[in-house]
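The values are calculated or read from the model by the stated rules, or taken from the named source; none is laboratory data. Remember, it's a predicted structure, so these values are computed and weren't measured experimentally. As a convention, Cβ positions derive from the backbone with ideal geometry for all residues, glycine included, and neighbour counts pool all protein chains shown.
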Amino acid sequence: MTTQVLVVDDVPAMAEQYAYDLKRVGSYHTIVAAGGNEALDILAREPIDCVVLDLEMPGTDGFEVLRRLQQRGIDTPVIVYTGTGSYDRCIQAVRLGAYGFVDKAEPIERVVQEIQNAVSRGRLVTELRTLRSRFDGETPLIGDSAPMRSLRDAIARVAPIPSGVLIVGESGTGKELVARELHRRGPGAKTPLVAVNSAALPEQLVESELFGHERGAFTGADRLRRGAFENAGAGTLFLDEVGELPLPAQAKLLRVLEERKVVRVGGDRAIQVTARVVAATNRDLEREVEAGRFRQDLYYRLNVHMLRVPPLRERLSDVPALVDHSLRSIASHLGMRSKTITPDAVALLAAYEWRRNNVRELRNCLERMMMATDAAIIGAADVPPEIRGGDERDEAADATAPPGTLKALKAQAERHIVLGALDKHDWHVTRTAEALGLADHSSLLKIMRRHGLNKGMHRDA
Ligand SMILES: Nc1ncnc2c1ncn2[C@@H]1O[C@H](COP(=O)(O)OP(=O)(O)OP(=O)(O)O)[C@@H](O)[C@H]1O
Ligand SMILES: [Mg+2]
């Protein structure tokens with residue numbers, strides 16, 4: 001890939017000479033611009049790797065070019081060159097974002113060196129940015145299990161539609177991630193996504209948070225405040241934990257959703273609502289409606305479309321991919337090198353139910369495992385015992401344990417349960433194993449052997 005260098009100078013002969021020398025010594029591809037505006041036009045159009053910019057130009061000078069680049073968020077590296085030899089001016093340019101400066105009198109080899117440095121730093125910055133966006137907030141929804149695939153399909157279907165969406169799912173399943181994905185594929189990155197955690201709002205602040213307030217609306221309202229609806233503009237308003245909203249606030253929210261207008265607390269002007277409303281909850285809202293804790297009309301308003309985020313135990317095949325992704329994201333978050341994990345450790349994690357907090361629980365567990373060992377590899381021994389099922393093994397039913405101990409009592413109970421089930425199914429081992437929810441008939445045979453139970457006993461009886 002040839003490096004493209006833009007040379008900007010108001011004296012055409014100067015620009016041409018520089019371009020010629022850079023091509024010769026640095027093997028660059030060069031473009032010249034005769035002034036600041038022309039340079040800005042080219043930068044908006046062409047993929048330029050580095051700019052060599054004259055500071056002294058009539059009209060749009062070098063400083064102005066730097067300022068505009070900053071405003072537009074264009075971070076192509078710029079090297080300024082000057083004939084005045086004024087150090088102060090160069091420092092000022094660097095403050096405005098220039099990568100470095102050279103004097104017009106310096107040999108071309110030094111300029112090439114400077115361009116080389118600037119270009120490689122520019123590439124690093126871009127690379128870092130892509131890596132960051134891969135690990136940070138932009139986390140994509142990981143998982144290729146059937147439930148995740150249908151969730152992804154549903155997201156793609158409703159994202160472009162401006163009506164309300166209700167996201168339901170247990171705690172830590174990824175509801176917020178789904179809301180972000182809806183926003184990304186819907187109103188898009190150029191519009192805001194405003195998230196309001198309804199559970200964290202004190203009751204008396206709910207209204208002013210959502211709808212805003214005028215100055216002097218109540219004691220303490222010493223200045224005007226825009227609410228979440230207004231701030232969300234044409235983007236997305238994400239009402240997290242909407243099931244926790246107090247009833248009076250539910251009534252006001254319903255009115256806003258019906259009229260698509262908000263009035264700030266203490267104000268009288270109606271402001272049009274354009275944001276799409278996405279709500280999430282881990283409560284069973286239908287049950288909340290039955291119990292009179294959630295307004296039915298609001299429930300129907302919010303769930304024009306409903307997305308269900310499946311619990312992790314219903315998609316355990318996603319665990320390996322989630323582990324892989326989480327290890328890298330945790331490492332980048334903590335600023336440490338990522339660790340690898342052995343397949344048997346992953347297998348243990350993929351056999352656990354994660355009932356308490358789903359993906360969040362898995363992430364937290366991985367973070368603890370990462371911190372608990374200095375080794376670069378996480379193994380099965382690093383998996384916490386409660387997840388390994390080790391505790392249970394220790395306390396497994398054991399008919400030889402001293403009477404009265406948990407092990408002995410468990411053994412008694414187990415014998416009783418298994419005998420009862422066998423009797424009920426005419427000692428048909430496969431059917432009994434199935435009824436008891438065991439993996440297969442050999443698991444039942446193992447238990448029967450432990451308790452000295454066999455078919456002969458049945459016939460004897
Ligand atoms: N499918 C997924 N892919 C990658 N990361 C995920 C996925 N699902 C959840 N996570 C991660 O798990 C954590 C919990 O997700 P999130 O906060 O979206 O859950 P939630 O359903 O909103 O939880 P809560 O009900 O507690 O608010 C986050 O760190 C999130 O990045
Ligand atoms: Mg959440």
Of all residues in the range 178-205, which are within 14 Å of ligand 2 (Cβ to nearest atom), under 18 Å from residue 232 (Cα atoms) and of a type in the set (A, V, I, L, M)? 178, 179, 182, 193, 195, 196
If I go through the range 242-256 residue by residue, how many of them are crowded, with 17+ Cβ neighbours inside 10 Å and farther than 14 Å from residue 203 by Cα? 2
Filter the range 77-88 for residues that are out of contact with any Asp or Glu (no Cβ under 7 Å at 6 or more places or on another chain) and either under 18 Å from residue 47 (Cβ atoms) or modelled with pLDDT of 85 or more (or both) and give the result. 77, 78, 80, 88
Pair list, Cβ < 7 Å and 6+ apart or interchain, from the range 41-69 residues that are without any contact (Cβ under 8 Å) to a residue 60 or more places away in the chain to residues that are crowded, with 22+ Cβ neighbours inside 10 Å and charged (D, E, K, R): 54/9; 62/54
Could you figure out which of (1) at pLDDT below 95; (2) away from ligand 1 (no atom under 14 Å from the Cβ); (3) part of a loop (DSSP other than H, G, I, E, B) isn't true of residue 356? (2)
Suppose we filter 298, 348 for residues that are away from ligand 1 (no atom under 16 Å from the Cβ) and at pLDDT 95 or above; which single one remains? 298
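Condition check ((1) assigned by TED's automatic domain parsing to the domain that holds residue 318; (2) in contact with a Ser or Thr (Cβ under 9 Å, 6 or more places away or on another chain); (3) closer than 26 Å to residue 297 by Cβ) across all residues:
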site: 205; (1), (2), (3): no, no, yes
site: 215; (1), (2), (3): no, no, no
site: 222; (1), (2), (3): no, no, no
site: 244; (1), (2), (3): no, yes, yes
site: 248; (1), (2), (3): no, no, yes
site: 265; (1), (2), (3): no, yes, yes
Yes or no: residue 219 part of a loop (DSSP other than H, G, I, E, B), closer than 29 Å to residue 267 by Cβ and not aliphatic (A, V, I, L, M)? yes
In the list 181, 170, 203, which residue meets the criterion of being farther than 30 Å from residue 314 by Cβ and acidic (Asp, Glu)? 203
Looking at (1) more than 14 Å from ligand 2 (Cβ to nearest atom); (2) touching a helix residue (DSSP H, G or I) at 6+ places or on another chain (Cβ under 9 Å); (3) not in a helix (DSSP H, G or I), which is the only condition residue 156 fails? (3)
Please name all residue pairs, on different chains or six or more residues apart, with Cβ atoms under 6 Å, provided the first residue is in the range 270-284 and is touching a residue at least 60 places away in the same chain (Cβ under 8 Å) and the second residue is among the acidic types (Asp, Glu). 280/240; 282/170
Residue hits (the range 298-321; among the aliphatic types (A, V, I, L, M), surrounded by fewer than 17 Cβ atoms within 10 Å (Cβ to Cβ) and more than 17 Å from residue 150 (Cα to Cα)) are 304, 321
Sort through 287, 337, 368, 355 and tell me the only one that's in the same structural domain as residue 171 (by TED's automatic domain parsing), at negative phi and more than 18 Å from the chain's Cα centre (by Cα). 287
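Looking for something farther than 30 Å from residue 157 by Cβ and out of contact with any helix residue (DSSP H, G or I) (no Cβ under 7 Å at 6 or more places or on another chain) - is there at least one such residue anywhere in the range 292-307?
So in the range 292-307, the residues farther than 30 Å from residue 157 by Cβ come out as 292-293.
Applying the additional criterion that residues be out of contact with any helix residue (DSSP H, G or I) (no Cβ under 7 Å at 6 or more places or on another chain) yields 292-293.
Yes, the range 292-307 has at least one match.
Of everything in the range 97-116, what is acidic (Asp, Glu), farther than 14 Å from residue 55 by Cβ and at pLDDT below 90? Give them in sequence order.
Residue satisfying the conditions is 106 alone.
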In the range 186-200, anything more than 15 Å from ligand 1 (Cβ to nearest atom) and either closer than 28 Å to residue 313 by Cβ or not charged (D, E, K, R) (or both) is listed as 186, 187, 188, 189, 191, 192, 194
So, in the range 226-236, exactly how many residues are crowded, with 24+ Cβ neighbours inside 10 Å and part of a strand (DSSP E or B)? 1
Residue 70 more than 39 Å from the chain's Cα centre (by Cα), surrounded by fewer than 21 Cβ atoms within 10 Å (Cβ to Cβ) and in a helix (DSSP H, G or I): no
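Okay, residues lined up against (1) crowded, with 18+ Cβ neighbours inside 10 Å; (2) among the basic types (Lys, Arg); (3) in contact with a Lys or Arg (Cβ under 9 Å, 6 or more places away or on another chain):
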{"site": "17", "(1), (2), (3)": "no, no, no"}
{"site": "24", "(1), (2), (3)": "no, yes, no"}
{"site": "48", "(1), (2), (3)": "yes, no, no"}
{"site": "55", "(1), (2), (3)": "yes, no, yes"}
{"site": "63", "(1), (2), (3)": "yes, no, yes"}
{"site": "89", "(1), (2), (3)": "no, yes, no"}
{"site": "92", "(1), (2), (3)": "no, no, no"}
For the list (1) of a type in the set (A, V, I, L, M, F, W, C); (2) near ligand 1 (Cβ under 10 Å from one of its atoms); (3) without any contact (Cβ under 8 Å) to a residue 24 or more places away in the chain, I need the number of the one condition that residue 168 fails. (3)
